[in-house]
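Reviewing the structure listed below.
The values are calculated or read from the model by the stated rules, or taken from the named source; none is laboratory data. Predicted model, so just to flag it, every value in this text is computed and none were measured. Cβ: placed from backbone, ideal geometry, glycine included. Neighbour counts: every protein chain shown. Heads up: the accessible areas ignore ligands, DNA and RNA and are worked out on the full protein's heavy atoms, side chains in. Shrake-Rupley method; radii C 1.70, N 1.55, O 1.52, S 1.80 Å.
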Amino acid sequence: MSLEPVPATEINIQRAAAYLAAGQLVAFPTETVYGLGADARSDHAVAAIFKAKGRPSFNPLIVHVADIEAAATYAVLNSVAAELAAEFWPGSLTMILDQRPDSGLSELVTAGLPSVAIRIPIHPVARALLCAADLPIAAPSANRSGHVSATTAAHVAADFNTDFAPTLAMILDDGPCRLGLESTIIDVRGGSPRLLRPGAVTLEALQKTLARDIPDGTAQGETARSSAPRTSPGQLESHYAPSKPVFLNVTEPLQSHALLAFGEPPKGFTGEIVNLSRNRDLAEASANLFAALRALDRSAAASIAVMPIPAEGLGRAINDRLKRTAAPRG
Ligand code: TXA
Ligand code: MG
């Protein structure tokens, strides 16, 4: 049985907050993607997230808080963190920080790591929920582990039914997410920032704010070139995976392909097309990406071909996600 999303009215937000306080799960919109939230201090509630998602327990979660004061009660904000917070919080930046020993967070949230991922979302429903619940909300993207992230309440409902997630108490619906790509993750510990996941905040914007180069610690960056262990388990290669094969940077799609287009599709192609952005606008393409992958996965074509997308600005995050959809499944 699937759970019907409810509109994110004030009353429903209050009900959702009460569910969170009682240790249950609530799915809610953020500006990036929908989150599957639980009280980050409760082992029992956080364990329910891992169970509902089918997520490996070594993959830690992001803790969402209402403001910088709350962030500082769970983590140490060094000077780099303070600079980035001033520019990008609230918003779609997640920082990996040193966790305070007395944080009170469940060890499951951080998978036992001494660090913690913190984000202050800007979406009004997420903020209202954080204020009403008055607790730190652990929230991964609201999709089953390995699936495409959810950018609408309907995507959440499609991924979770009450058999899988008996503790999912409510799905708050506030329409499609504005940005459509997950937050950017940057590790700022030790004062030398490293990009762990490209996302809605561009590397260029981060570098401009800090007035320095930020090394790319992502799958395309250093971990691809070295055998160093991955510091963010979310750098698992296959992820965001539709159920059919995906081919990248295709300029001459076969008629048997379904095409994920960016800009003008090749002349003569008569197969099914979903266009990320006809005007080659990367923000529009980001917002459409996950819904497009879900739609193509439902198409009759046996495989998906993706047109080339420039690897700059938001294109970096789009290519990162696409690369994982195409990675060998393990
Ligand atoms: O936009 C977003 O970030 C969404 C919304 C709901 O906020 N959340 C999201 O969560 O994308 P999730 O769980 O799908 O991705 C969180 C990523 C994972 O790759 C995880 O490995 C990484 O954050 N992460 C969490 N804590 C970490 C830590 N202490 N050190 C390194 N990576 C961490
Ligand atoms: Mg996710």
*Enumerate the calculated ³J(HN,Hα) couplings along the range 52-68 in order (Karplus 6.51 cos²θ - 1.76 cosθ + 1.60, θ = phi - 60°), each rounded to whole Hz, writing x wherever the residue is Gly or Pro.*
4, 7, x, 9, x, 6, 7, 9, x, 10, 8, 9, 9, 10, 7, 7, 5
*Taking only Cα atoms, what is the 0 to 90° angle, nearest 10, from helix 10-21's long axis to the longest principal axis of the chain?*
70 degrees
*Please find, in a Gaussian network model of the chain (springs between Cα atoms separated by less than 10 Å), the residue of 149, 79, 286 whose mean-square fluctuation is greatest.*
79
*How much mean residue ellipticity at 222 nm does the chain get from its helices, if each DSSP H run of length 4 or more adds -39500 (n - 2.57) and you divide by all residues, to the nearest 500 deg cm²/dmol?*
-9000 deg cm²/dmol
*Please give, to one decimal in nm, the separation of the simple spin-label points placed at residue 264 and residue 86, each 7 Å out from Cα toward the Cβ.*
4.7 nm
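Run the accessible area of the range 76-141 with a 1.4 Å probe and give the carbon-and-sulfur part as a rounded percent. Don't skip to the end; give the middle numbers.
Values: 1290 of 2450 Å².
Heavy-atom surface of the range 76-141 belonging to carbon and sulfur, 1.4 Å probe: 53 percent.
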*Measure nothing fancy, just the Cα-based angle from helix 79-88's long axis to the longest principal axis of the chain, in degrees from 0 to 90, nearest 10.*
60 degrees
*Taking the Cα centre of each part, how many Å lie between the range 170-218 and the range 130-159?*
18 Å
*Taking amide H positions as placed 1.01 Å from N in the peptide plane, with prolines and chain starts having none, which residues 5 or more places from residue 115, or on another chain, fall under 5 Å of its amide H?*
99
_Suppose we keep just the DSSP beta bridges with both residues in the range 24-182; what percent of those would be antiparallel, to 5?_
70 percent
_Just to verify a number: what accessible area does residue 247 come out at with the full protein assembly present, 1.4 Å probe, Å² rounded to tens?_
100 Å²
*Determine which aspartates and glutamates satisfy two conditions relative to residue 51: a Cα distance under 18 Å, and not lying fewer than 8 residues away in the same chain.*
39, 43, 107, 159, 163
*Pair residue 73, residue 280: separation of 7 Å Cα→Cβ label points (nm)*: 5.0 nm
*Carbon and sulfur: what percent of the range 270-326's accessible surface (1.4 Å probe)?*
50 percent
_Helix 282-298 vs. the chain, principal-axis angle (Cα, 0 to 90°, nearest 10)_ = 70 degrees
*Could you point to the residue in 29, 17, 47 farthest towards the positive end of the range 1-62's charge dipole, with +1 and -1 charges on the Cβ of Lys/Arg and Asp/Glu respectively?*
47
*Give me the distance between the Cα centres of the range 53-113 and the range 1-17, rounded to whole Å.*
26 Å
*Per residue, what accessible area does the range 14-129 have, given a 1.4 Å probe and all protein chains present, in Å²?*
36 Å²
_Charged-residue dipole, Cβ positions (Lys, Arg, Asp, Glu), the chain about Cα centre, Debye nearest 20_ = 740 debye
